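Working notes for the structure below.
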Amino acid sequence: MRNLSCFLLLFCGDLHPAEEYELWWEKNINNTLSISTFDEWLGDIHSTSRVLMRRHVQKMGYRSIVDVPAGLCTDYFGFKHDGIAIEYLGVDITPKLVARGLNQGIPIIEGDIKSLPFPDNRYEVCYARHILEHLNGYEEAISDLIRVASREVFITFFIHPQEKEVINSSYSFGQLLYGNTYSKSNIEKFILSNPKTSDFEWEYVDGREIILHIYLNSANLVEWRIYRDKTVIRADRSL
Ligand SMILES: C[S@@+](CC[C@H](N)C(=O)[O-])C[C@H]1O[C@@H](n2cnc3c(N)ncnc32)[C@H](O)[C@@H]1O
């Protein structure tokens, strides 16, 4: 706990003001949107994509994870439910949600996925569920997730990337909100242009969600290649 307090003091001092599209949750939660409706939208610990994430983390033997954005910290409770011992930290830009998590005794801090308050390689996995579509682009967030992760960036999309990018902004409850469809091939080129990327893999969840695994250069890479039973798409920097 003392370590967490020092950490908060060190890293929470220089928060940038949130962009208009990042204020949707702070403005709506507990006003136009109840926590229980938000909870229903996000899906509980038994949601397929969350279960797949936990199984993957367990299978790979990851020891630390940053969950950004943590939202209602559903995945924290998922780890507890499954008895998975992992160093967990939630990050969210919405002060109300951070206060709610802290009240429940969950390690969580305020922060922006585009400029995470951590040194390089701090967490074995950076986990980002249902967020990139809500930003005005994915590049800054993915770059920072790759910087902070030492072994993998695990991204769950709720809108499948397609061939053509569609930036879709609208006003929902009077507040700007993005729901973008990104270009799959552009995402692939972007992650492969990062020298830290080793491999990537798309994992289909169902008609709604899809997971992107970005595997990073790491001493343990050989270990997981032998361990995993799925086809691995090799990084090809000539793309
Ligand atoms: C759809 S919810 C997903 C929450 C969680 N990942 C889940 O799947 O349960 C989106 C979350 O993103 C947070 N958020 C929005 N913009 C953010 C940003 N730039 N950095 C960090 N969190 C952000 C919101 O506060 C909200 O909690």
Only one residue in Asp67, Asp82 is among the acidic types (Asp, Glu), open to solvent by less than 10 Å² (accessible area, probe 1.4 Å) and closer than 27 Å to Glu152 by Cα, so which one is that?
-> Asp67
How many residues does region 184-199 contain that are of a type outside the set (Ser, Thr, Tyr) and in a helix (DSSP H, G or I)?
-> 8
Evaluation of Gly137 against (1) farther than 21 Å from Leu212 by Cβ; (2) open to solvent by less than 30 Å² (accessible area, probe 1.4 Å); (3) small (Gly, Ala, Ser) (one fails), failing number = (1)
All-but-one check, Ser170 against (1) within 19 Å of Lys114 (Cα to Cα); (2) within 16 Å of the ligand (Cβ to nearest atom); (3) outside any helix (DSSP H, G or I); (4) of a type in the set (Gly, Ala, Ser), failing number (1)
Tyr88 aromatic (Phe, Trp, Tyr) and out of contact with any helix residue (DSSP H, G or I) (no Cβ under 8 Å at 6 or more places or on another chain) = no
Going through region 115-159 in order, the residues found to be more than 23 Å from Ser183 (Cβ to Cβ), in a strand (DSSP E or B) and within 11 Å of the ligand (Cβ to nearest atom) are Ser115
Quick one: how many residues across region 207-231 are at pLDDT 50 or above and open to solvent by 70 Å² or more (accessible area, probe 1.4 Å)?
-> 3
Odd one out for Ala18, checked against (1) more than 10 Å from the ligand (Cβ to nearest atom); (2) modelled with pLDDT under 95 | (1)
If the Cβ limit is 6 Å and pairs must be 6+ apart or interchain, which residue in region 146-161 that is farther than 13 Å from Glu203 by Cβ and open to solvent by 10 Å² or more (accessible area, probe 1.4 Å) pairs with which residue that is in a strand (DSSP E or B) and among the polar types (S, T, N, Q)?
-> Ile159/Thr181
Does Val98 satisfy the condition of being in contact (Cβ under 8 Å) with a residue 12 or more places away in the chain, of a type in the set (A, V, I, L, M, F, W, C), crowded, with 20+ Cβ neighbours inside 10 Å and within 10 Å of the ligand (Cβ to nearest atom)?
-> yes
For Asp112, which of the numbered conditions (1) closer than 23 Å to Ser143 by Cα; (2) out of contact with any His (no Cβ under 8 Å at 6 or more places or on another chain); (3) surrounded by 13 or more Cβ atoms within 10 Å (Cβ to Cβ) fails to hold?
-> (2)
Return yes when Arg234 is basic (Lys, Arg), over 30 Å from Thr32 (Cα atoms) and at pLDDT below 95 and no when it is not.
-> yes
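The values are calculated or read from the model by the stated rules, or taken from the named source; none is laboratory data. Just so you know, these numbers come straight off a predicted model, no measurement behind them. Quick reminder, even Gly has a Cβ in these numbers, built from the backbone with ideal geometry, and neighbours come from all protein chains shown. Heads up: the accessible areas ignore ligands, DNA and RNA and are worked out on the full protein's heavy atoms, side chains in. Shrake-Rupley method; radii C 1.70, N 1.55, O 1.52, S 1.80 Å.
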